[in-house]
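What follows is a short report on a single structure.
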Amino acid sequence: MTAPRRAFLALLPVSAGSAPAAELSQPSPDADLIRLCRAFDDLEGQIQALYEDGATPIADDEERKAAIEPLRERQDALLGRICSLHASSAAGIKARAWTIRKWDVDLILYGHQGGTNDQLIRALILDLTGDPT
């Protein structure tokens, strides 16, 4: 993972739960999807914290990899469930978009320089998250 990716992640909200209170006041039909995205995002935050510019860095690469492995395994278990659910509300779509954004920071940072797919996906993710980056 690149240092710019880790630095950029540090600037993002901790989880997909950064929605305005009005969005949270009514139960969402995508409550399970949103919960899974938040769990995935929280694990990603824990992983990012282990890098040298993170909150709890592990300097040794092998030790860091060993610490990350169980977190990635937990993310992998969540990923299948996240991808199997259909988002039927704006809140569910936004939660999934934030998860993509947090996972693929290089796309957000450098996607405008990439090919057609990267540029279009980057624009869509920024639109869905409401982030003007």
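Of note:
- Estimated from the Cβ-Cβ distance and a Förster radius of 25 angstrom, the FRET efficiency linking Thr116 and Arg81 is about 0.25.
- Anisotropy class of segment 30-129 from Cα gyration tensor, a/c 1.5 cut: oblate
- FRET E, pair Ala55, Asp106, Förster distance 22 Å, beta-carbon r, rounded to 0.05: 0.55
- Point-charge dipole on Cβ atoms (K/R +1, D/E -1) for segment 30-129, about Cα centre, debye to 20: 560 debye
- Simple spin-label estimate for Leu71 and Ser89 in nanometres, 7 Å along Cα-Cβ: 2.9 nm
The numbers here are math on the coordinates, done by the rules we state, and not lab data. Note that this is a predicted model, so its numbers are computed, not measured. Don't worry about glycine lacking a Cβ; one is built from the backbone with ideal geometry, like all the others, and counts go over all protein chains shown.
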